Amino acid sequence: MKRAILKGPAASAASSACPGPVDCSIITVLAKDYRGLKEQPSPAKFKGGLAQVYVRSAPYGGSDKSSNGHRYDSITFANGMMESGMSCQLIHYVHQEHDKFFELCTKLDFIIVRCNPGQIKADGGDQQKFDDGMRTLRKRGIQIWPSPDVMEKMGAKDALCKVANMSIGLPDTLAYYTEQEFAQGFKKTMAFQPRVIKQNRGSSGEGIWIIKLADGNYCKEYGERSCDDGEVLKLMEANDNHEETHTVAEFIEFCVNGRSASSGSWASKGAGKYLEGGKEAGGQLVDQRFCPRIVEGELRYNLIADSLVGIIHKKPKAGGISAVGGTGSVYTYFGPDEAQYLGLTRNFLEKDLPLVMPALGLPDEPIPLWWTTDFINSSPEGTAPEKEKWIVGEFNCSCVGISRCLAAYCKDDTPNASYDDISAEDKAEADKYGKLMGEKALAILSKR
C-alpha cells in the first residue's frame with residue numbers, strides 16, 4: 001500500500017498538515033488529514049507533540065492505524081491536551097530522519113509516545129536509538145509520557161518482585177537472571193506449591209507458564225526439599241491455554257536454551273531462551289505463587305495517572321486459566337466505583353500507588369498518563385469480599401489503547417476506517433478520558 005508523502009512549506013501549513021505552533025516542515029508528514037482534531041490553542045500553555053510510527057511496509061501502516069495514517073486513538077489524546085489549553089501536534093517518526101525528528105522535539109515541552117511495540121523495528125528503525133533520543137530529551141527537562149525507562153521498568157516482569165511487600169504483592173515472588181539462579185530457585189519453589197513462571201519479553205501470555213507437579217508431591221514447608229531433574233511437570237501456557245508435560249530438567253533447558261536435544265519436544269509457539277542476553281538485555285524470569293482463583297478471572301484497572309476510570313473483569317473460557325483476548329474469555333465492564341472491588345480500589349489508590357514509582361526505581365517520574373494494572377485474587381475460596389487480597393499480575397503503560405476508539409482502525413473488512421466511524425456514544429466517553437488526561441498532564445507540567 002503506497003501513500004503520498006507531503007513535505008516542505010506547503011505540507012507544514014496549519015490548514016493541511018501538522019497544525020500547531022511549531023513548524024514541522026523539517027520532517028516528513030505521513031498523515032493524509034487530521035479529521036476530528038480540534039483547533040490548536042493560541043497561545044498554548046505548553047507545547048506538545050504526539051509521536052507515532054507509520055510502518056511503510058505494512059498494510060494500513062500497521063494494525064493500529066486509521067486510514068489517514070494516525071494511530072486510531074491519537075485524535076482523542078491530542079484533543080484532550082487541547083481541552084486544557086495545551087497544543088499537541090501529531091508527528092511521525094521516520095528513522096531516516098532521526099536527527100531532524102529529535103531536533104523538532106527540542107522545541108516542545110512534552111511528548112506523548114504512541115509507538116506500538118515492534119513498529120519502529122518493523123519500519124526498519126532502531127528502537128534503542130529512538131529510546132536513547134527520548135532519554136536525552138528527558139534529561140533536558142522535556143516531559144515524555146511514558147519515558148523509555150518507565151515503559152521498561154513498569155513492563156518488566158520483575159516489577160512484581162519490587163512491589164512484593166505491598167498489599168498488592170506476594171512476598172514469595174522471585175526473579176531469576178541466570179541459569180544457576182533459576183535452576184536452584186525454581187526447584188525449591190516448585191517442590192512447595194504450584195507456580196507461575198513468567199518470561200519478561202513476551203506478550204499476550206506467550207512464555208507465561210502455570211505449572212503443577214504431576215504427582216502432587218508438594219512438601220509442607222518451603223525449603224524442606226527441592227525437585228529432582230526427573231520429576232514430571234504439568235504445564236499450561238497462558239497465550240492459548242494449551243497443556244504440555246515435561247520433566248523439570250526439560251523445562252529448565254527450554255527456558256534457558258530453547259529447543260535442543262535435551263529439552264524434549266515442545267508444542268509452544270514460543271522459542272524459549274527467556275534468559276538470553278542477560279539482565280541488561282531484558283533476560284529474566286519471574287517465579288510467582290499460583291493463585292487457583294485465577295479461573296474465576298482477573299481484574300484490569302484502567303487508569304489515567306492516579307485516577308481509576310474503569311474496571312474490566314476478564315473470565316477465562318471454561319477449562320482455561322488465561323483470559324488473554326482471543327482465547328474465548330468473557331469480559332465484563334464496571335465503573336471505577338464498583339462496590340464489590342472497593343476494598344482493592346482503596347488499598348491500591350490510597351495506600352500502594354504513591355509507593356509504586358519509587359519502588360520501581362523511578363522516584364522522579366510521574367505515574368503514566370494512560371496505563372493498566374491487572375490483579376489476581378490470591379485469597380482462599382470463601383474469603384469475605386472485604387477481606388480478599390488481590391495481587392498485581394502485571395503493569396502495562398506501553399501504548400495501551402482506548403477501546404472506545406477501536407472503530408477507527410483499519411482491517412481487511414474496514415480498509416477506510418476513520419475517526420468518523422466511532423459512534424457518538426463512544427466518542428463522548430473517549431473524550432472524557434482525553435479531557436482527564438489533559439487535566440492531569442497540565443497539573444504535572446505546571447509543577448515543574
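Some points to look at:
- Footprinting exposure proxy for VAL232, VAL356 (fewest neighbouring C-beta atoms within 10 Å first): VAL232, VAL356
- For the chain, the antiparallel share of DSSP beta bridges with both residues in that region comes to about 80%.
- Put in order of Cβ neighbour count within 10 Å, fewest first, the listed residues ILE120, ILE391 become ILE120, ILE391.
- Between segment 207-233 and segment 115-163, the Cα center-to-center distance that results, in Å: 37 Å
- Here the relative contact order of segment 170-290, from alpha carbon pairs under 8 Å that lie six or more residues apart, stands at 34 percent.
- Alpha-carbon centroids, segment 376-448 and segment 174-199: separation in whole Å: 33 Å
- Nitroxide proxy distance, nm - points 7 Å out along Cα→Cβ at ARG293 and ARG448: 4.3 nm
- Relative packing of 250-256, 168-174, which averages over residues the other C-beta atoms within 10 Å, highest first: 250-256, 168-174
- Nearest-ten-degree value, helix 248-257 long axis tilted from longest Cα axis of the chain: 30 degrees
- Over all orientations, segment 100-197 has a Cα convex hull whose mean projected area works out to 9.2 square nanometres.
- For the chain, the relative contact order is 17 percent, taking Cα pairs closer than 8 Å that sit 6 or more residues apart in sequence and dividing their mean separation by the residue count.
- Peptides 299-308, 234-243 ordered by packing proxy, namely the average of other Cβ atoms within 10 Å per residue, highest first: 299-308, 234-243.
- Rounded to 10°, Cα long-axis angle of helix 74-83 versus longest principal axis of the chain: 60 degrees
- Taking 7 Å steps out from each Cα toward its Cβ at PHE334 and ASP172 produces label points 2.7 nm apart.
- Put in order of Cβ neighbour count within 10 Å, fewest first, the listed residues PHE77, PHE348, PHE102 become PHE102, PHE348, PHE77.
- The simple spin-label model puts a point 7 Å past each Cα toward its Cβ; for ASP412 and ALA318 those points are separated by 3.1 nm.
- Label point of VAL309 set 7 angstrom out along Cα-Cβ; within segment 348-378, amide nitrogens under 14 Å from it belong to 368-373.
- Those residues of segment 396-410 whose amide nitrogen sits under 12 Å from the label point placed on SER203, 7 Å along Cα→Cβ: 397-401
- Gained length - ILE26 relative to LYS139, 0.36 nm times residue gap less alpha-carbon distance: 38.4 nm
- For segment 354-448, the direction-averaged projected area of the alpha-carbon convex hull comes to 10.2 nm².
- Cysteine residues of the chain whose C-beta has no other cysteine C-beta under 4.7 angstrom: CYS88, CYS105, CYS115, CYS161, CYS219, CYS227, CYS255, CYS291, CYS397, CYS399, CYS405, CYS410.
Each reported figure results from applying straightforward, stated rules to the coordinates on display, with no laboratory input. What you see is a predicted model, and the numbers here were worked out from it, not measured in a lab. Reconstructed Cβ throughout: ideal geometry from the backbone, glycine too, with neighbour counts over all protein chains shown.
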